[in-house]
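Student: My questions will all concern the structure given below.
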Amino acid sequence: MSVSDTLKSRVSANFFDPDATLSEEQVQNLVFLASQAPSCFNIQHTRFVVATDPALKATLMGASYNQVKIKNAAAVFVVTGDLLAHEAFAARTRAAAEAGY
């Protein structure tokens, strides 16, 4: 399937088993995999917050236009970004530059 076809056929998951759970290991693996995606200039400015606690998911549901899927999902992944990450770019890449990369 082409990238174009994939993007056109993509759907949002709307229904989750409210009794399903994820182990801590599964959550950590998902965050690890997501964090491996390269970002612009490889500054890796994203951070992941995972909510599995029902009370926290209920709060997030309220902030998400009361989407029931937020409450029913085994884990809710909130992706945040450091809007000032570019300011530390030189310091973060100095060792690589000095090594000749």
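The values are calculated or read from the model by the stated rules, or taken from the named source; none is laboratory data. These figures come from a predicted structure and were not determined experimentally. Positions of Cβ are backbone-derived with ideal geometry, glycine not excepted, and every protein chain shown enters the neighbour counts. With ligands, DNA and RNA removed, areas are computed over all heavy atoms of the protein, side chains included. Shrake-Rupley method; radii C 1.70, N 1.55, O 1.52, S 1.80 Å.
Student: Can you confirm whether Phe32 is in contact with a helix residue (DSSP H, G or I) (Cβ under 8 Å, 6 or more places away or on another chain) and either open to solvent by 60 Å² or more (accessible area, probe 1.4 Å) or on the phi > 0 side of the Ramachandran plot (or both)?
Tutor: Numbers: in contact with a helix residue (DSSP H, G or I) (Cβ under 8 Å, 6 or more places away or on another chain): no; either open to solvent by 60 Å² or more (accessible area, probe 1.4 Å) or on the phi > 0 side of the Ramachandran plot (or both): yes.
Considered against the rule, which asks whether it is in contact with a helix residue (DSSP H, G or I) (Cβ under 8 Å, 6 or more places away or on another chain) and either open to solvent by 60 Å² or more (accessible area, probe 1.4 Å) or on the phi > 0 side of the Ramachandran plot (or both), Phe32 comes out as no.
Student: Further question on the same structure: Out of all the residues in the stretch 41-57, is one or more among the hydrophobic types (A, V, I, L, M, F, W, C), closer than 30 Å to Tyr101 by Cβ, within 15 Å of the chain's Cα centre (by Cα) and surrounded by 10 or more Cβ atoms within 10 Å (Cβ to Cβ)?
Tutor: Pass one, the stretch 41-57, residues among the hydrophobic types (A, V, I, L, M, F, W, C): 41, 43, 48-51, 55-56.
Right, trim to closer than 30 Å to Tyr101 by Cβ and you get 41, 43, 48.
Subset that is within 15 Å of the chain's Cα centre (by Cα): 48.
After this cut, where a residue has to be surrounded by 10 or more Cβ atoms within 10 Å (Cβ to Cβ) as well, the list is 48.
For the stretch 41-57, residues among the hydrophobic types (A, V, I, L, M, F, W, C), closer than 30 Å to Tyr101 by Cβ, within 15 Å of the chain's Cα centre (by Cα) and surrounded by 10 or more Cβ atoms within 10 Å (Cβ to Cβ): present.
Student: Can you find a residue that is touching a Ser or Thr at 6+ places or on another chain (Cβ under 9 Å), at pLDDT below 90 and not basic (Lys, Arg) anywhere in the stretch 12-34?
Tutor: Yes - at least one qualifying residue is present in the stretch 12-34.
Student: While we're on this one: Among the residues of the stretch 62-72, is any more than 21 Å from Phe15 (Cα to Cα), within 19 Å of the chain's Cα centre (by Cα) and not basic (Lys, Arg)?
Tutor: At the first step, the residues of the stretch 62-72 found to be more than 21 Å from Phe15 (Cα to Cα) are none.
For the stretch 62-72, residues more than 21 Å from Phe15 (Cα to Cα), within 19 Å of the chain's Cα centre (by Cα) and not basic (Lys, Arg): absent.
Student: In addition: Considering the stretch 60-87 alone, what residues qualify as being out of contact with any His (no Cβ under 6 Å at 6 or more places or on another chain), over 20 Å from Glu25 (Cβ atoms) and surrounded by 14 or more Cβ atoms within 10 Å (Cβ to Cβ)?
Tutor: Leu60, Met61, Ser64, Gln67, Lys69, Ile70, Lys71, Asn72
Student: Another question, then. Can you list the helices (runs of 4 or more DSSP H) lying wholly within the stretch 1-64 that have 1 or more residues being touching a residue at least 40 places away in the same chain (Cβ under 8 Å)? Even if it seems obvious, please write down each step before you answer.
Tutor: Values: elements: 3-9, 24-35, 54-63.
Because the criterion is at least 1 residues that are touching a residue at least 40 places away in the same chain (Cβ under 8 Å), the helices (runs of 4 or more DSSP H) in the stretch 1-64 that meet it are 24-35.
Student: Does the stretch 88-98 include one or more residues that are over 30 Å from Ser23 (Cα atoms), surrounded by fewer than 12 Cβ atoms within 10 Å (Cβ to Cβ), out of contact with any Leu (no Cβ under 9 Å at 6 or more places or on another chain) and among the hydroxyl-bearing types (Ser, Thr, Tyr)? I'd like the intermediate steps shown before the answer.
Tutor: As a first pass, look at the stretch 88-98 and keep what is over 30 Å from Ser23 (Cα atoms): 88-98.
Next, only the ones that are surrounded by fewer than 12 Cβ atoms within 10 Å (Cβ to Cβ) stay: 90-91, 94-98.
From what's left, out of contact with any Leu (no Cβ under 9 Å at 6 or more places or on another chain): 90-91, 94-98.
Still in the list and also among the hydroxyl-bearing types (Ser, Thr, Tyr): none.
No - not one qualifying residue is present in the stretch 88-98.
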